[in-house]
Amino acid sequence: MAQRKKPRANISSIPSREDVLAFIAENPGMAGKREIARAFGIKGSDRIGLKRILAELADEGLIQKKQKKLLRPGDLPRVLVVSLTTRDRDGELLGEPADWDSEEQGEAPRILVVPERQKRPGRQPGIGDRALVRLADITPGPEATHAARVIKVLEKKTGPVLGIVQKTTEGIRLVPIDKKQREMDVDPAQMNEVEDGDLVRVDVKRHGRYGPSIARIEERIGAMGSEKAVSMIALYAHNIRHIFPESVLEEAAKAKPVALAGREDWRDVKLITIDPPDAKDHDDAVYAEPDTDPDNPDGWIVFVAIADVAHYVQPGSQLDREAHLRGNSVYFPDRVIPMLPEGISNDLCSLKQDEDRPAMAVRMIFDKEGRKTNHRFHRVMMRSHAKFSYAQAQSAIDGVPDDQTTPLLESVLKPLWESYACVKRGRENRQPLELNLPERKLVLKQDGTVERVVVPERLDAHKLIEEFMIQANVAAAETLEKHRTALLYRIHDAPTPEKLENLREFLSTIEIRLPKAGNMRPSHFNGILSQVAETPNESLVNEIILRSQAQAEYHPMNIGHFGLNLRRYAHFTSPIRRYADLIVHRGLIQALKLGKDGLPDGYGEKLEAVGAEISATERRAMAAERDTVDRLIAMWLTDKIGARFLGRIAGVTKSGMFVRLDETGADGFIPAATIGDDYYHYDDMAHALIGRSTGETYQLGDKVEVRLVEAAPFAGALRFEVLSEGRYLKSNARTAKSKKKRFARDRRKGRTR
């Protein structure tokens, strides 16, 4: 703790009001009544006079008491907790006092938060964190009033409490969305404009040890019967920003179309977009042609053009700060929460058909084996010559063109598919991890409820765009490395030894061997996946191998991308919806001297913290998207209580097992206590629940028939009971069945416990 400053004179009598105020100002957050008395040598009955002075100063609003210490209004203690909320134009962190009450204290002061003098190992502070800081004698700059150094990054606070208001005969209750939280009482005086059944955000004012806790309504979110209510739960539960500040919208409204000056003219290159049929923004366009270089026989040139978001979103602007805070767009079945305002994302930056649009483009050359031999980046003006859906482009290639695809079938679509056949050979030689995990899509009615669940067909059109984007991302990483420019890699670590050992033990239970010697490569996993293809274990093994993998993230230190089997990889192709890609675009602009809107000087020092921040927003978005799908399906199934379904065991724990339904992909839980009459113990190596007396086994991946017992739509939870019998391992099937018969006989005679 910093040493308190002593008064400037040795005053033996009661100090003046000015002396007291000066001492408090010189010792913010450290001066209490005891410290003032000690500093001025006040003893005995003289303390009464000091107490009177302090009371007068407080009544006049000149000082305020905080945790037995005195401060002038607006002063900050030397050591305090701050919430890190944004970054300034130079990329430095800005925060606010974590416990600041704006209603009583006015607008919160902004604090420039700088790193420790000696960087310690471990997680660095970033947006969304809380940190213990010490005020520092550093010029805070034009955007802050104070400066402070980090002492320690603190654990994050839990998210807001969301719940449904219910009026009962006993009062008003709040039923939390999270079933792990207890019901709470709500003060009836707070029910202004809040109706029975509304979704609200509350602050827990008092935690009850024996009775219910007391909740204070902070915000009415909306009626639960309204459209989009389910995704609103996810937005608030995961703290996802979904309303653009006025300053951001005003800046977006001022944006104007880009002129050709300073750009290469690619408007005659027959670039086209291929996207889902309901896509509102188009951030990538492609074109391919044979390479006429005699030194590259049967080679191809592939062009990938990406929306030039960097032109519109300048470093340090309001648009940039908001995009950084959001990190990425969030995709719900009923809406999209964009990273950028629609005027930018869906209009000026979207590569619309027959309209001039600025782009960052890469021209890549591939040899006949699909190896990329050269590439070069360009800042261009382009014009999309067509907008096709995946199914539309695929149908044309499959011999069923329509009026839109016919004019470009020979000149554009067929060369694209031929070039993909070439690039695909390179992919096959590289052998990335090839998991087969079909994704389900919800088809909604007009009222936002589920109509049906479909599994979209995986087309070559999807694979073509995916592989071209991967190659463009590799080219971006290679270029930035070559020019020694700071960049955020998209890294994916290899599985840990612990996860590999768990996988090895599991595979041994289905008589599959995982090599022990040497480093694991994606090809090792692909060999296992090929063994189980079109067998009853296919879904199970794909799921287990997925669980063995690390999670991809953004980081300035490169460790490669294990899943794609690439040495260097960076996200470049989606700057409309990912902030990481915008950083890469700025890096390319800086490295290749393509404009003045590149990375700011010194930004590389902040990339580790920025990478952690946007990795966190990505995980948050994924969780919100998953939760919304779960809630929509649970709501859809509420009128199907008692119905039977077929599914597979998707997870096994000590307390029970999770079942994923075949038809809808919905996940539900079966408590272990409800399975049969036996006691089932958890075998973590086999991912199974095994009956202690009978040997009856329910294992991850097994097909089961279940009955829906309960649906909690706002929690996204389903509960099943299992109807089908378990199975028995081959080695002891006969013994296990005899045990089961003996167990049933003993049970009838009351011999079991």
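The values are calculated or read from the model by the stated rules, or taken from the named source; none is laboratory data. Only a predicted model underlies this, so the values are computations on that prediction, with no experimental measurement involved. Methodologically, a virtual Cβ is constructed for each residue, glycine included, from the backbone with ideal geometry; neighbour enumeration extends over all protein chains shown. Only protein heavy atoms, including side chains, enter the accessible area calculation; ligands, DNA and RNA are left aside. Shrake-Rupley method; radii C 1.70, N 1.55, O 1.52, S 1.80 Å.
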### Task
Output the number of the condition that G316 fails; it satisfies all remaining conditions of (1) open to solvent by less than 10 Å² (accessible area, probe 1.4 Å); (2) not in a loop (DSSP other than H, G, I, E, B).
(2)
### Summary
Across (1) farther than 27 Å from R626 by Cβ; (2) surrounded by fewer than 17 Cβ atoms within 10 Å (Cβ to Cβ); (3) at pLDDT below 90, D684 clears everything bar (1)
### Query
Within the bounds of segment 583-603, is there any residue that is in contact with a Pro (Cβ under 6 Å, 6 or more places away or on another chain), at pLDDT 95 or above and either open to solvent by 40 Å² or more (accessible area, probe 1.4 Å) or in a helix (DSSP H, G or I) (or both)?
yes
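Each row is one residue, and each column tells you yes or no for (1) more than 23 Å from Q549 (Cβ to Cβ); (2) surrounded by 16 or more Cβ atoms within 10 Å (Cβ to Cβ); (3) in contact with a strand residue (DSSP E or B) (Cβ under 8 Å, 6 or more places away or on another chain); (4) modelled with pLDDT under 90.
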site: R452; (1), (2), (3), (4): yes, no, yes, yes
site: A461; (1), (2), (3), (4): yes, yes, yes, no
site: Q471; (1), (2), (3), (4): no, yes, yes, no
site: T485; (1), (2), (3), (4): yes, yes, no, no
site: R490; (1), (2), (3), (4): no, yes, yes, no
site: L500; (1), (2), (3), (4): no, yes, no, no
### Task
Look through segment 428-440, keep the residues that are of a type in the set (D, E, K, R) and without any contact (Cβ under 8 Å) to a residue 60 or more places away in the chain, and return whichever of them is most open to solvent (accessible area, probe 1.4 Å).
E439
### Task
Select from segment 382-411 the residues that are surrounded by 12 or more Cβ atoms within 10 Å (Cβ to Cβ), in a helix (DSSP H, G or I) and not β-branched (V, I, T) and list them in ascending order.
Y390, A391, Q392, A393, Q394, S395, A396, P407, L408, L409, S411
### Query
Which one of these does L57 not meet: (1) in a strand (DSSP E or B); (2) buried (at least 16 other Cβ atoms within 10 Å of the Cβ); (3) at pLDDT below 75?
(1)
### Message
Is it the case, given these coordinates, that L271 is closer than 15 Å to M381 by Cβ, of a type in the set (A, V, I, L, M, F, W, C) and more than 36 Å from the chain's Cα centre (by Cα)?
### Response
no
### Summary
Counted residues in segment 690-708 being in contact with a strand residue (DSSP E or B) (Cβ under 9 Å, 6 or more places away or on another chain), touching a residue at least 24 places away in the same chain (Cβ under 8 Å) and farther than 14 Å from T509 by Cβ come to 8
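Quick one: would you say V269 is assigned to a loop (DSSP other than H, G, I, E, B), open to solvent by less than 80 Å² (accessible area, probe 1.4 Å), at negative phi and modelled with pLDDT under 95?
Taking the combined requirement at face value, the residue does not satisfy it.
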#### Entry: Failed condition for L546, given (1) in a loop (DSSP other than H, G, I, E, B); (2) among the aliphatic types (A, V, I, L, M); (3) open to solvent by 20 Å² or more (accessible area, probe 1.4 Å)
(1)
### Query
Out of (1) closer than 24 Å to H555 by Cα; (2) in contact (Cβ under 8 Å) with a residue 40 or more places away in the chain, what's the single condition that is false for M622?
(2)
### Summary
Exception for V453 within (1) more than 27 Å from the chain's Cα centre (by Cα); (2) among the hydrophobic types (A, V, I, L, M, F, W, C); (3) farther than 30 Å from D367 by Cα; (4) outside any helix (DSSP H, G or I) falls at (1)
### The one condition in (1) surrounded by 14 or more Cβ atoms within 10 Å (Cβ to Cβ); (2) at pLDDT below 75; (3) within 30 Å of R241 (Cα to Cα) that N27 fails to fulfil
(3)
### Message
Please go through segment 531-543 and give me each residue that is in a loop (DSSP other than H, G, I, E, B) and surrounded by 15 or more Cβ atoms within 10 Å (Cβ to Cβ), ordered by number.
### Response
N537
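Matching residues to (1) of a type in the set (D, E, K, R); (2) on the phi > 0 side of the Ramachandran plot; (3) assigned to a loop (DSSP other than H, G, I, E, B):
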{"site": "G642", "(1), (2), (3)": "no, yes, yes"}
{"site": "M657", "(1), (2), (3)": "no, no, no"}
{"site": "A673", "(1), (2), (3)": "no, no, no"}
{"site": "G676", "(1), (2), (3)": "no, yes, yes"}
{"site": "H681", "(1), (2), (3)": "no, no, no"}
{"site": "M685", "(1), (2), (3)": "no, no, yes"}
{"site": "T694", "(1), (2), (3)": "no, no, yes"}
### Query
Where residues in segment 549-570 are touching a helix residue (DSSP H, G or I) at 6+ places or on another chain (Cβ under 8 Å) and not in a loop (DSSP other than H, G, I, E, B), which of them is surrounded by the most Cβ atoms within 10 Å (Cβ to Cβ)?
Y554
### Task
Might you let me know whether segment 360-370 holds any residue that is open to solvent by 20 Å² or more (accessible area, probe 1.4 Å), closer than 24 Å to D460 by Cβ, small (G, A, S) and not in a strand (DSSP E or B)?
no
